[in-house]
Every structure is written in structure tokens, then in C-alpha cells.
Amino acid sequence: MRVVITGVGIVAGNALTKQEFCDALKNGKSAIKKQKWMEDVGLNCQVGGVPELSKEKILQYVNEEDLIAMNNVMVYGAIAGIDCWRDAGFTYDKDDRSSYDPYTSIILGCGMGGVETVIEKMAPRILDKKIQRVGSSYVEQSMHSNSVAKLTGLLGIGGKSTTVSSACTSGTEAIVDGYNYIKFGKSKRVLVGGVETAHPSSWGGFDAMRVINRKSNENPEKASRPLSASAAGFVPSSGAGILMLESLDSAIERGAKIYAEIIAGNVNSGGFRNGGSMTAPSSVGVQACIKSVIKESGVNPKDITVINGHLTATMADPLEVKNWAAALDLVPEEMPYIQATKSLIGHGLGAAGGFEGIACALQIKHGFVHGNLNCEDVHPEIKPWEEKILNETREMDVNIIAKSSFGFGDVNGCLVFKRYGI
């Protein structure tokens, strides 16, 4: 069963619609801004990519009664999911919950779930022995599956409804799972991607690890620097990126527009061997994951237009590029272009694969390769591939994009996107 992308929806720091996101990719618009709340709680890193949503905007998608029992991550997922649903050609009325679709499933990735509700509302009351003051909706808001559960109810989804959590690979793993679910005939359509919130309790942990950038607080747009010699750690971001995957037969039957086709996907683990650990990837595992999807896709590595990498602006960037080169068995001159979408939007953690999956689909559909921000000073270990790192957007036919994600726990996810009709 062939699998295509028929809809996208995004909520990010630099875009609240697919058109805004497409324009941001083309024009190099950064999502990263100074965040006063990060400064107020004493984080050393005080910049991030956080969607700016008004209540008026939110109430275009859900009603007041819904909103009472929704935290930020649920709101992000609802807006991105409903936009994706509509973009795929389906209707939605926030005040009509009579529809039911047994042919659509939903699989979303999430790294931290409802941490904001647990920290701000549940834990203080419980620890203060005020159980009676724990709101009746706090449990549903604290669930790791909160966004999936809410979106399932809003849209009346009757197929599989589940959440994937594998750290920064979560969003990509959800796409892989949805691809396989359709490929083996389990569902006609699957909403996939990732969601993530912004909160001191999650971002503060990374700040304590000294893996996020604390050197660019007064120059936010320069903070996210993948592939760069002056990279100083990743920049966190939040939001949601959701795609509609659909069997080609279903898409043709409906007359749906098609952004791109997914022709291969896999996830694996490095098993904490050969340099892998809870926080570091094993090159053996990474290369095995890449090789498996290239083999499944049947693509000649030399025909790949772009590698949309995980590339977070940490010490792992040079290793990632070397792993791709080794797995594809290509000399620098033969390598595809290398792209870091996180240079524009930061690291969306559980949502990253959703953001980047949409970036892949839009570039294939509209024929461009977005440039990398803040990579004027290529890392010395990446110098051999410098000519493959575009700092400006270039219009071209984009036939094949290979996409990777790597997460804490030594977990890896890879996908191959292809232009439909070639």
C-alpha cells in the first residue's frame, strides 16, 4: 500500500498556518525570541521558540467549555490537528460533535506530556494535603496522551488513537508508525506528528545539563546554530506539527491534493553500545537505521536531494554528518544538501519530527530547499561538506528528502520522502 501526505497543520514560534510556515522556511524567518518567563524563573538560557496564540484565535477552534479543561500542549495539538484535518479536505464544526470517522487513526509523539498541569496545579495541592482542590479535569490534562485524546474527541476519530514517547525521536517515530499502519492496511488515514509544551520544569532540566544555548540571550535570532563552529547548544521550542498520511488509493478516490509520498521509514536503538548512552547516539545504531530506510526505499543515495537532519547545534552535529556520509557511502562531493530546520525554529523536542516532516513535505510540493540560519562559520569537522550546506534558500526540483531524528535513550528514526508522480 502506497502512502502519501494529504494535509498539514502547524503551530510554531514563527508560523500559525502552513502558508506562514512555508514563507518562514523560504525567507529564513526565525522563531526564536527572548522569553521573559525564562528570565523570571532564573534559566541561564532565556530564548526559545514559543507560539503566540490569542484566546480569540484559540476559540476559533474550540469552545469555552473545551478550553476550561485544556492546557497549552492540548491547545497546540488541537489547532494544528484541526488545520491539518481541514487541509486534507475534511470539515470541522467546533459546535457539532456528531461526526464519526472509523477510517482515520491518530498517532502523535510527545516528549513531556502534561508536565505543566502536574507541576503547577496537581502536585502543589496534593503535597499540601488539599486533595479536594485537585480539579476534576487535571488528570486528563496531565496524561501523556492528552493531546491525542482531545483531538480524537474533537474530530470523532474512530481508528487507532495512541501516543508515542521516545524523547526527541517521538514525532518522527509517530510518522513511521502511521506510515506502517497504512502500508499494512490497518487504516485509510492517520494523523501523525508531534506536540510539545514550553515549561520551566522541562526546559530547566536541559538548562541544568548545559546543553541549551545560554550565550545568545540578547540576540535570539542568532541563538540556534546547527552545523556551526560557534554552536553553543540547542534552543528549545514548543508547538505542534501534524500531517495527514493516507493510502494513495483513498487519496485518489477522494480527489485529495498530495504533498509528497513516504516510501520508507524505520526506528531502532543503538542499545547503549559502541559509544551510545542515555544521552548520546551510537554510530552503529544510527548508521543501521539510515541504511535500513535507504534499502527499503530502493533509492540510490546519489539521487537524494536533501538530508533533513536532526542537527541540534550540539557536539553531536559533526558525528551526525559523518554517520550520514558513512551510511550512504558517499564522498563529500556526492553528498546531498544538508539541512537543519532547527536553525529556524529551534528544537521542538517531541514535536521536532512533526515540524521537520512538514518542512520536507512543503519543500517537495513547492520546489525549494530552505537555507540554514547562522551557519556562516561551519564547524571544522564538517568542513569537507561545506559546499553542501546552503545558507540561502534555493529553488529547485526536490525529488527525494531523507529525514532523521535521534533522541535520548539512544533511539533513532529515519524516513524517506519522495515527490509524488516521479
Most to least packed among 104-116, 120-132, 243-255 [average Cβ atoms within 10 Å]: 104-116, 243-255, 120-132
Sparsely packed chymotrypsin sites (Phe, Trp or Tyr not before Pro) within region 79-126, loop by DSSP, other Cβ within 10 Å at most 15: Tyr92, Tyr100, Tyr103
Low-density loop cleavage sites - GluC sites (Glu not before Pro) in region 38-76, where at most 16 other Cβ are within 10 Å (DSSP): Glu52
Most positive-pole-ward Cα, Ala260, Phe184, Cys360, against dipole of the chain from beta carbon charges: Phe184
Loop chymotrypsin sites (Phe, Trp or Tyr not before Pro), region 137-223 (other Cβ atoms within 10 Å of the site Cβ: 11 or fewer; DSSP): Phe184
Within a Gaussian network of the chain (alpha carbon springs, distance under 10 Å), most fluctuating of Gly271, Gly309, Gly350: Gly271
Candidates Pro281, Pro384, Pro301: whichever shows maximal mean-square fluctuation once the chain is modelled as a Gaussian network with Cα springs under 10 Å: Pro384
Taking the chain and dividing mean pair separation by its residue count, relative contact order in percent (alpha carbons under 8 Å, at least six apart): 24 percent
Calculated from backbone phi, Karplus (6.51, -1.76, 1.60) coupling profile of region 408-413 in Hz, x at Gly/Pro: 3, x, 6, 10, 10, x
Computed over region 84-205: relative contact order in percent, which uses C-alpha pairs under 8 Å that are six or more apart: 41 percent
Residue order, fewest to most beta carbons within 10 Å, for Phe406, Phe234: Phe234, Phe406
Sorted by Cβ density within 10 Å, fewest first, the residues Thr172, Thr393, Thr6, Thr91: Thr91, Thr393, Thr6, Thr172
Among [x] 55, 21, 18; [y] 42, 25, 18; [z] 31, 27, 19, the entry that matches semi-axes √(5λ) of the Cα gyration tensor in Å as calculated here: [z]
Unit Cα scatterers, Debye sum, region 264-418: log10 I(q)/I(0) for q = 0.11, 0.16 Å⁻¹: -0.37, -0.84
Cross-link pairs beyond the 21 Å C-alpha cut-off, checked among Lys183/Lys342; Lys26/Lys388; Lys18/Lys57; Lys26/Lys383: Lys183/Lys342; Lys26/Lys383
Relative contact order of region 289-399, pairs being alpha-carbon contacts under 8 Å that are 6 or more residues apart, as %: 29 percent
Surface/4 estimate of mean projected area, convex hull on alpha-carbon atoms of region 40-161, nm²: 9.5 nm²
Region 104-113 - phi-based ³J(HN,Hα) in whole Hz, Karplus 6.51/-1.76/1.60, Gly and Pro as x: 10, 10, 9, 9, 10, x, 8, x, 10, x
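Every read-out reported here was derived from the displayed coordinates using simple, explicitly stated rules and does not represent laboratory data. Nothing here was measured: the structure is a model prediction, and the numbers come from that model. Quick reminder, even Gly has a Cβ in these numbers, built from the backbone with ideal geometry, and neighbours come from all protein chains shown.
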